[in-house]
2 protein chains.
Amino acid sequence: MKLEAPRAGRRVPEEWSAVAIVGVGLIGGSFALALRATGFAGRIIGVSSPDAVRVAIERGIIDSALPLAEAAAMAELIYLARPIEGILSLLDEIDSFVAPGTLITDAGSTKSAICARAIKKIHRGRFVGGHPMAGKEARGASEAEASLFRGRPYVLTSRCDELERLVASFGARVEIISAEEHDVLVAFTSHLPQLISTALAAAIGTEPEAGRVAGPAAMDLTRLALSPYEIWRDIFATNSANIDGALGVFIGKLEGLRAELRGSRIEPEFEDAAAAARALRK
Amino acid sequence: MKLEAPRAGRRVPEEWSAVAIVGVGLIGGSFALALRATGFAGRIIGVSSPDAVRVAIERGIIDSALPLAEAAAMAELIYLARPIEGILSLLDEIDSFVAPGTLITDAGSTKSAICARAIKKIHRGRFVGGHPMAGKEARGASEAEASLFRGRPYVLTSRCDELERLVASFGARVEIISAEEHDVLVAFTSHLPQLISTALAAAIGTEPEAGRVAGPAAMDLTRLALSPYEIWRDIFATNSANIDGALGVFIGKLEGLRAELRGSRIEPEFEDAAAAARALRK
């Protein structure tokens with residue numbers, strides 16, 4: 001295996017001869033397109049379902065497709081872009097395929113379970129957890145775009161020169177955040193909004209005539225409720241304690257507002273919340 | 001007073017000689033611009049603060065400004081576009097100024113308190129409650145636009161040929177809904193989203209590092225939290241029972257999801273909510 005991957009371990013992305021994308025969907029495909037857009041001249045190998053591979057080759061997202069073992073052996077960088085449970089399974093088996101020093105990263109939406117698994121299972125490769133805070137409603141390789149990460153935070157769970165340079169070259173904003181802190185923060189900024197949107201849509205659904213008066217506020221706040229459940233199953237399974245905590249904080253704030261609906265103390269609550277919303281935009 | 005308003009009571013908007021806009025801000029100004037865009041050739045009179053009047057005349061939104069008593073006496077239609085408490089005060093005094101049969105409508109965000117006051121106080125004029133489900137973040141006559149109501153629901157609390165024709169000619173979708181039902185529905189579709197957004201921004205504000213990972217979901221759901229409190233004070237004061245009810249339904253749905261975070265019964269909840277969100281968009 002080592003003979004097949006003589007370049008693994010090179011620390012300069014420009015010199016990599018091959019990158020493997022495992023799971024060529026919206027995120028994996030966009031990573032490949034962004035990589036190519038930086039001028040990367042090496043080979044981009046896809047490991048994915050036959051349908052995804054066909055679309056990805058047609059669109060020029062990947063150069064070719066290979067089984068996991070072969071792709072992993074050839075690549076200097078392996079990008080794991082399956083759902084969380086899929087990434088956990090890949091981490092169980094991939095280390096034996098890679099050349100020593102091969103860089104492995106992922107795009108999973110929670111990081112603690114993945115990084116804990118990687119610490120146990122990745123010894124020949126070097127693992128750095130990743131999470132691009134980007135996406136769109138539509139999914140699949142057909143929706144991939146080189147600019148998906150531009151202007152968005154891209155979390156890495158530890159420092160890594162090559163990945164920091166690469167992700168910054170995509171126009172993303174690199175954020176080095178531990179897996180544990182990442183999972184607390186996204187419980188508030190991503191998982192809580194999803195549950196709120198789902199609960200709001202369900203609440204509005206109890207009023208069959210609501211569509212007659214629904215304006216931009218109702219539309220904006222129920223958009224996430226359209227998200228398919230399948231991407232959330234693994235997130236809830238691997239971050240339920242943090243999500244439960246964030247829900248507790250949120251419901252506490254909401255009950256505080258509810259108690260003051262007729263009172264005067266609601267105004268400072270509005271002002272504090274507006275300040276927090278502005279701070280989020282800085 | 002009757003001699004000064006010989007045309008009051010004409011039932012065809014095209015023949016009205018004057019319309020009075022009381023409160024020439026975003027909504028009042030947009031109503032005036034939309035009215036002018038339909039080809040209305042009569043006079044549009046503003047009743048507003050000196051600053052608003054100056055902007056509105058500069059932008060061609062109104063033709064002139066007059067005190068309330070004079071404007072009300074001349075107009076075939078009077079559009080009350082102040083905040084709710086301002087509309088309630090106007091209803092207390094306006095009836096003595098108008099010619100018999102003068103049409104009076106409003107743009108207040110809740111309808112029960114306003115319609116109840118109108119039943120008590122409006123006898124010479126004909127009152128029809130209104131609520132355009134439109135708006136934008138910026139406010140004031142400087143932000144007014146003729147297309148603000150286009151494609152949006154515009155609630156009228158009772159049938160009224162002239163107003164239905166006029167509002168439909170703005171490109172709005174006329175919805176005839178009783179004041180009481182309107183207030184229940186907007187508690188779910190407008191007031192609940194505002195409180196949710198405010199509580200979410202406050203909850204995220206408890207995590208000072210959250211801005212590092214905030215993506216589109218957090219941004220979309222905290223946008224309403226930027227709204228100034230002053231427009232909400234009167235809404236809460238006049239719809240607190242319905243808002244309390246909607247909050248109860250929402251918190252119940254959210255606690256239901258919370259209890260199932262690690263369970264399998266959350267998937268049908270997601271599917272039902274997605275169906276409700278889709279129904280809202282039909």
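The values are calculated or read from the model by the stated rules, or taken from the named source; none is laboratory data. Everything numeric in this text was worked out from a predicted model, so none of it was measured. FYI the Cβ positions are ideal-geometry reconstructions off the backbone, even for glycines, and counts take in every protein chain you see.
Restricting to segment A:176-199, what's the tally of residues that are within 10 Å of A:THR157 (Cβ to Cβ) and facing chain B (nearest Cβ under 9 Å)?
Within segment A:176-199, residues that are within 10 Å of A:THR157 (Cβ to Cβ) and facing chain B (nearest Cβ under 9 Å) number 3.
For segment B:127-136, check the following and say yes or no: at least one residue is more than 14 Å from chain A (Cβ to nearest Cβ) and in contact with a Cys (Cβ under 8 Å, 6 or more places away or on another chain).
yes
Filter segment B:253-282 for residues that are closer than 22 Å to B:GLU181 by Cα and small (Gly, Ala, Ser) and give the result.
Result: B:ALA276, B:ALA277, B:ALA279.
Just to confirm my filter: which helices (runs of 4 or more DSSP H) fall fully inside segment A:30-123 and include at least 2 residues that are modelled with pLDDT of 95 or more, more than 24 Å from A:SER147 (Cβ to Cβ) and within 20 Å of the chain's Cα centre (by Cα)?
Qualifying helices (runs of 4 or more DSSP H): A:84-93, A:112-121.
Going through segment A:150-167 one residue at a time, which ones are within 16 Å of B:MET219 (Cβ to Cβ) and either outside the structural domain of A:THR110 (by TED's automatic domain parsing) or not basic (Lys, Arg) (or both)?
A:GLY151, A:PRO153
Select from segment B:14-29 the residues that are closer than 19 Å to B:ASP161 by Cβ and part of a strand (DSSP E or B) and list them in ascending order.
Once the filter is applied, which keeps residues that are closer than 19 Å to B:ASP161 by Cβ and part of a strand (DSSP E or B), segment B:14-29 yields only B:VAL19.
Just one of B:THR198, B:THR222 is outside the structural domain of B:SER109 (by TED's automatic domain parsing), in contact with a Pro (Cβ under 9 Å, 6 or more places away or on another chain) and at pLDDT 95 or above; which is it?
Only one candidate passes the filter, namely B:THR222.
Taking segment A:124-149 on its own, how many of its residues are surrounded by fewer than 21 Cβ atoms within 10 Å (Cβ to Cβ), in a loop (DSSP other than H, G, I, E, B) and modelled with pLDDT of 95 or more?
4
Can you confirm whether B:PHE170 is surrounded by 22 or more Cβ atoms within 10 Å (Cβ to Cβ) and in the same structural domain as B:ARG54 (by TED's automatic domain parsing)?
Answer is yes for this residue.
With a cut-off of at least 2 residues that are within 18 Å of A:LEU185 (Cα to Cα) and under 28 Å from the mean Cα position of the chain (by Cα), name the helices (runs of 4 or more DSSP H) lying wholly within segment B:203-282.
B:216-222
Does B:ILE57 meet the test of being free of Cβ contacts under 8 Å to residues at least 24 places away in the same chain and buried (at least 16 other Cβ atoms within 10 Å of the Cβ)?
The answer is yes for B:ILE57.
Identify, please: which residue in segment A:221-274 is among the polar types (S, T, N, Q) and facing chain B (nearest Cβ under 7 Å) and is, among those, surrounded by the fewest Cβ atoms within 10 Å (Cβ to Cβ)?
Among residues in segment A:221-274 that are among the polar types (S, T, N, Q) and facing chain B (nearest Cβ under 7 Å), the one surrounded by the fewest Cβ atoms within 10 Å (Cβ to Cβ) is A:SER240.
Check B:GLY130, B:GLY140, B:GLY135 and return the single one that is under 13 Å from the mean Cα position of the chain (by Cα), within 22 Å of B:ALA71 (Cα to Cα) and either in the same structural domain as B:ASP51 (by TED's automatic domain parsing) or not basic (Lys, Arg) (or both).
Only one candidate qualifies: B:GLY130.
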